[in-house]
Amino acid sequence: MIFVENLPIYVQIANDIKDQIVAGKLADGDKLLSLREYSLLYAVTALTMQRALGLLEAEAVIDTKKGVGSFVKAGAAAQLKVRSVDELVNDFIARAGKMGLNSAQIMHRVAQGVAKIGGEAK
Amino acid sequence: MTDAVVIRSVNKTFKRKVVFHDLSVTFPAGRVIGLLGENAIGKTTLLKMIADIIKPNCGDIFIGSERAGLATRARVSFMINPENFYKFMRVKDAVAYYRDFYPDFDYARAMQLCEDFDLGQKWKITWLSKGQQERLCILLCLCRRVEVYLLDEPVAGLDPRFKHESIKAMLANTDDNKTIIISTHLLRDLDSVFDEVTILTRDGVYQAACDDIRAGGESVEQFYLRVTGGNT
């Protein structure tokens with residue numbers, strides 16, 4: 001994996017694992033690789049990997065059972081999808097606001113966009 | 001957190017050239033640490049003093065709680081230069097030499113790594129390319145079972161694939177409680193494996209955790225350029 005330069009690497013790894021969960025490569029209840037396996041896979045130290053898993057644990061995406069391993073929490077994928085849609089929407093509104101659009105205008109433009117390209121996944 | 005290496009008020013001069021004046025720095029245990037700094041700032045000198053290959057003029061160096069000396073050489077592995085091998089040596093001779101010299105040397109592991117690194121046992125070391133020689137030196141250094149590993153510019157001559165292989169070997173080969181100090185100019189190749197960086201500058205020593213630097217919105221390289229910027 002290629003890391004970007006100015007975001008903590010443990011955050012980037014946590015995001016990568018979240019992406020795998022959202023994409024369904026890791027399903028609810030699946031066992032994650034061990035700390036050591038992940039550390040070799042991402043070519044980072046065990047310390048960095050520990051922080052990445054710690055972050056996922058703190059965000060309630062995974063469950064770590066001592067001596068057994070880490071597992072994808074039930075409902076994690078659904079919850080992550082909601083969260084990432086929220087982030088997209090918030091980001092979009094904030095940017096549109098910076099460009100001088102008010103709420104009504106934003107809604108209007110979104111409606112226009114949906115009418116034009118459709119909201120359904122293709 | 002315990003310290004793997006403690007340097008306290010060290011002075012080091014070569015003839016009249018002052019390399020370190022009143023240098024104090026500590027390296028925490030269980031970390032992979034990048035040792036950075038301009039050319040001729042003293043990175044190699046510092047590593048050699050930690051390895052007890054050269055002595056400071058005055059000041060204290062501790063490996064854990066033990067003063068650096070003959071006894072601590074059994075606890076520190078220093079990556080040697082390819083020129084240090086005898087001319088007659090083949091790869092297998094160098095591995096056997098390490099096995100005979102260091103009781104802590106993991107011979108089976110070294111044989112495996114020779115294979116992983118595409119090094120033939122019967123190849124003469126003087127005939128190897130720079131990159132192959134470097135690979136041999138890295139694997140010999142890593143196959144000792146010690147607390148502190150010191151690697152001086154380990155990947156300068158390696159192509160991208162072997163850079164990656166060497167980094168993996170480094171991570172796979174050392175337990176979490178081991179300390180690895182790596183001096184390098186190739187910050188971009190290695191900064192993702194460093195937990196921390198220690199930067200030697202003419203105005204003093206800067207130490208920071210890499211992910212703390214990135215969390216501040218800076219790349220490790222930008223941080224390096226900023227703290228060394230006053231001198232250039």
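Side notes on the structure shown:
- A:L56 at negative phi and touching a Leu at 6+ places or on another chain (Cβ under 9 Å): yes
- Taken together, B:A40, B:A29, B:A68, B:A108 contain a single residue that is crowded, with 20+ Cβ neighbours inside 10 Å and either of a type outside the set (F, W, Y) or more than 18 Å from the chain's Cα centre (by Cα) (or both), which is B:A68.
- Per-region count, the stretch B:88-103, residues part of a loop (DSSP other than H, G, I, E, B), surrounded by fewer than 12 Cβ atoms within 10 Å (Cβ to Cβ) and either in contact with a Leu (Cβ under 6 Å, 6 or more places away or on another chain) or not hydrophobic (A, V, I, L, M, F, W, C) (or both): 1
- Helices (runs of 4 or more DSSP H) wholly inside the stretch B:116-232 containing at least 2 residues that are buried (at least 21 other Cβ atoms within 10 Å of the Cβ) and away from chain A (no Cβ under 14 Å): B:130-142
- Selection within the stretch A:1-40 - under 19 Å from A:S84 (Cα atoms) and surrounded by fewer than 18 Cβ atoms within 10 Å (Cβ to Cβ): A:L7, A:V11, A:N15, A:D16, A:D19, A:Q20, A:V22, A:A23, A:G24, A:K25, A:A27, A:D28
- Selection status of A:A77, more than 30 Å from B:D191 (Cβ to Cβ), crowded, with 16+ Cβ neighbours inside 10 Å and away from chain B (no Cβ under 14 Å): yes
- Residue count for the stretch B:117-143 satisfying the condition of being among the acidic types (D, E) and either over 23 Å from B:Y102 (Cβ atoms) or in contact with an Asp or Glu (Cβ under 7 Å, 6 or more places away or on another chain) (or both): 1.
- Within the stretch A:52-74, the set of residues being surrounded by 20 or more Cβ atoms within 10 Å (Cβ to Cβ) and more than 14 Å from the chain's Cα centre (by Cα) comprises just one member, A:S70.
- Conditions (1) more than 24 Å from A:D30 (Cβ to Cβ); (2) surrounded by fewer than 12 Cβ atoms within 10 Å (Cβ to Cβ); (3) not charged (D, E, K, R): number failed by A:A96: (2)
- Filter result for the condition that a residue is closer than 22 Å to B:K130 by Cβ, touching a residue at least 12 places away in the same chain (Cβ under 8 Å) and touching a Gly at 6+ places or on another chain (Cβ under 7 Å), over B:V91, B:V95, B:V10, B:V19: B:V91
- Test: B:M79 is touching a helix residue (DSSP H, G or I) at 6+ places or on another chain (Cβ under 6 Å) and crowded, with 18+ Cβ neighbours inside 10 Å: yes
Any read-out appearing in this document is the output of simple, stated calculations on the displayed coordinates, not a laboratory observation. Everything numeric here is computed off the predicted structure, so don't read it as measured data. FYI the Cβ positions are ideal-geometry reconstructions off the backbone, even for glycines, and counts take in every protein chain you see.
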